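The values are calculated or read from the model by the stated rules, or taken from the named source; none is laboratory data. Since we're looking at a predicted model, the values are computed, not measured. A quick note on method: Cβ atoms are made from the backbone with ideal geometry, for glycine too, and the neighbour counts reach across all protein chains shown.
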Amino acid sequence: MDPLIQFTSEECRLIQDTQFFRTKAIVTQKVKEILQRLHVEISEEVALWNPLAPDGVDFRKGQFVKGEHLLDFPYLYLDLPKFFSQSEKFTFRSLFWWGHHFIFALFLEGSHLESYKSNLMTAYEQLAQGGFFLLMTDTPWEWRKEPEYLLEIRTDNRDEVATALASRRFLKLQRYIEFDHPAVQAGRIVETGRESLRLIKPIVSGPSGG
């Protein structure tokens, strides 16, 4: 028997399951609705901003993306605000990752990076109450909630975070909302996303605080 084409008993059970993909379609539609509502909420929020940001940031349209293979798991996300170039990043991503969690993430890189770092430390106590993590990898494209990739922003490790920030060539903060979180079960993910955006707003604020 060839193990490459032989089905296990668990695989046979799964390929006979007619309900899973119906449920997946329902869940996907609900996530799309969440992201569409987040688009409206975030658009309203950032319309009031006057941030430190590269020229050309998209504060209105954003981008919706749906895929099947983020480490083999389906995903949907909204980027708004959105700006990516080779040397500059200014993006807030609302990501649903099947089998893992919701993630609200802020990408920052470029000419304002040192100001962003300074602002983060100024707003440290506020961020420490929000459950944010600083991504410590060499690439910003890591989403797994693994201890070796992340440094949690807590009230008791301010000096450790300041030291880590000093050598970062980009800044990415991630807030994970697990699927058993009360906000998920109560249908309050949109509110949680907007709250996340408000918590990180001081990081990108200009001298006037806008």
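Odds and ends about this structure:
Conditions (1) over 22 Å from residue 189 (Cβ atoms); (2) of a type in the set (A, V, I, L, M, F, W, C); (3) surrounded by fewer than 13 Cβ atoms within 10 Å (Cβ to Cβ), marked per residue:
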site: 4; (1), (2), (3): yes, yes, yes
site: 10; (1), (2), (3): yes, no, yes
site: 35; (1), (2), (3): no, yes, no
site: 40; (1), (2), (3): no, yes, yes
site: 47; (1), (2), (3): no, yes, yes
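- Taking the criterion of being closer than 21 Å to residue 99 by Cα and touching a strand residue (DSSP E or B) at 6+ places or on another chain (Cβ under 7 Å), the residues of region 174-210 that qualify are 174, 175, 176, 177, 178, 179, 183, 184, 189, 192, 193.
- The residues of region 112-148 that are hydroxyl-bearing (Ser, Thr, Tyr), at pLDDT 95 or above and either crowded, with 16+ Cβ neighbours inside 10 Å or within 16 Å of residue 84 (Cβ to Cβ) (or both), listed by number, are 115, 116, 124.
- Odd one out for residue 111, checked against (1) polar (S, T, N, Q); (2) under 17 Å from the mean Cα position of the chain (by Cα); (3) within 23 Å of residue 202 (Cβ to Cβ): (2)
- The number of residues in region 49-83 that are in a loop (DSSP other than H, G, I, E, B) and touching a residue at least 24 places away in the same chain (Cβ under 8 Å) comes to 11.
- Within this structure, residue 67 fails the test of being at positive phi and over 13 Å from the mean Cα position of the chain (by Cα).
- Candidates in region 143-165 are the residues that are outside any helix (DSSP H, G or I) and charged (D, E, K, R); of these, the one that is farthest from the chain's Cα centre (by Cα) is 156.
- Any chance residue 86 is of a type in the set (S, T, N, Q) and part of a helix (DSSP H, G or I): no
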